[in-house]
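A.B. asks: Just passing along the structure, written as C-alpha cells.
The values are calculated or read from the model by the stated rules, or taken from the named source; none is laboratory data. None of these values were measured; they are calculated from a predicted model. Using ideal geometry, Cβ is built from the backbone for each residue, glycine included, and neighbour counts are taken over all protein chains shown. Protein only, heavy atoms only, side chains kept; ligands, DNA and RNA dropped before computing areas. Shrake-Rupley method; radii C 1.70, N 1.55, O 1.52, S 1.80 Å.
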Amino acid sequence: TLDTPQISYGLKKTVALPMDEADLRLRDELMKEGFGILTEIDVQATLKKKLDVDFRPYKILGACNPPLAHQALTSEIDIGLLLPCNVIIYQGDEEGTSVVGVLDPKVQLGITGRTDIDHMAEDVRSRMERVLNAI
C-alpha cells in the first residue's frame with residue numbers, strides 16, 4: 001500500500017497495481033462481500049467522446065448488495081436516491097499505480113438523519129474496508 005491522502009466523504013487506497021489488474025481485483029473483492037456491479041461509467045471514454053478531452057483512465061462503478069439494498073429500501077423507500085454504493089478506480093499519478101475509493105456509507109446514509117439505520121451504514125463500511133484492505 002502506498003501513501004494515500006484521505007478524503008472526508010470516502011475511503012481510498014493507492015495500490016501498486018496497473019489499473020486493469022486493480023480493476024479485476026476490485027471486482028473480485030466486491031463480489032466476495034456480496035456486491036455486484038449495476039452500473040459502470042468509463043469517465044475517460046465519456047470525456048473524450050463528449051468534450052474531446054484526454055483524461056486518465058477512470059471508472060465509476062455502482063455496486064449493490066441486494067440484501068442490504070432491500071433492507072435499506074424497506075426502512076425508507078426514498079433511500080434509493082442514495083443507492084447504489086459508488087466505487088471509483090483510476091490510474092494513479094505514479095506509473096503502475098491505481099487508486100481505489102468508495103463513498104463512505106456512514107456519510108452517504110448519514111444525510112438521512114436517521115440513527116436507526118446506522119447499523120446498515122456500519123455494515124457496508126466494514127465490507128468496503130475489507131474490500132480496500134484485500135486489494
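A.B. asks: I'd like to check something: does the stretch 50-60 contain any residue that is under 17 Å from the mean Cα position of the chain (by Cα) and more than 20 Å from residue 13 (Cα to Cα)?
C.D. replies: no
A.B. asks: From the list 111, 79, which residue is out of contact with any Asp or Glu (no Cβ under 9 Å at 6 or more places or on another chain), of a type in the set (Val, Ile, Thr), more than 20 Å from residue 19 (Cα to Cα) and loosely packed, with under 15 Cβ neighbours inside 10 Å?
C.D. replies: 111
Okay, residues lined up against (1) open to solvent by less than 50 Å² (accessible area, probe 1.4 Å); (2) under 17 Å from residue 135 (Cα atoms); (3) not in a helix (DSSP H, G or I):
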{"site": "12", "(1), (2), (3)": "yes, yes, yes"}
{"site": "17", "(1), (2), (3)": "yes, yes, yes"}
{"site": "24", "(1), (2), (3)": "no, yes, no"}
{"site": "30", "(1), (2), (3)": "yes, yes, no"}
{"site": "40", "(1), (2), (3)": "no, no, yes"}
{"site": "53", "(1), (2), (3)": "no, no, yes"}
{"site": "61", "(1), (2), (3)": "yes, yes, yes"}
{"site": "94", "(1), (2), (3)": "no, no, yes"}
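A.B. asks: Quickly run through the stretch 82-92 and pick out the residues that are open to solvent by less than 50 Å² (accessible area, probe 1.4 Å) and either modelled with pLDDT of 95 or more or within 24 Å of residue 20 (Cβ to Cβ) (or both).
C.D. replies: 84, 85, 87, 88, 89, 90, 92
A.B. asks: For the stretch 63-76: of the residues being touching a residue at least 40 places away in the same chain (Cβ under 8 Å) and of a type outside the set (A, V, I, L, M, F, W, C), which is least open to solvent (accessible area, probe 1.4 Å)?
C.D. replies: 65
A.B. asks: Can you name the residue in the stretch 46-68 that is modelled with pLDDT of 95 or more and hydrophobic (A, V, I, L, M, F, W, C) and is also farthest from residue 21 (Cα to Cα) among such residues?
C.D. replies: Restricting to residues being modelled with pLDDT of 95 or more and hydrophobic (A, V, I, L, M, F, W, C), the top hit is 51.
A.B. asks: Answer with yes or no whether residue 105 is open to solvent by less than 20 Å² (accessible area, probe 1.4 Å) and either under 27 Å from residue 42 (Cα atoms) or at pLDDT 95 or above (or both).
C.D. replies: When the stated conditions are applied, residue 105 passes them.
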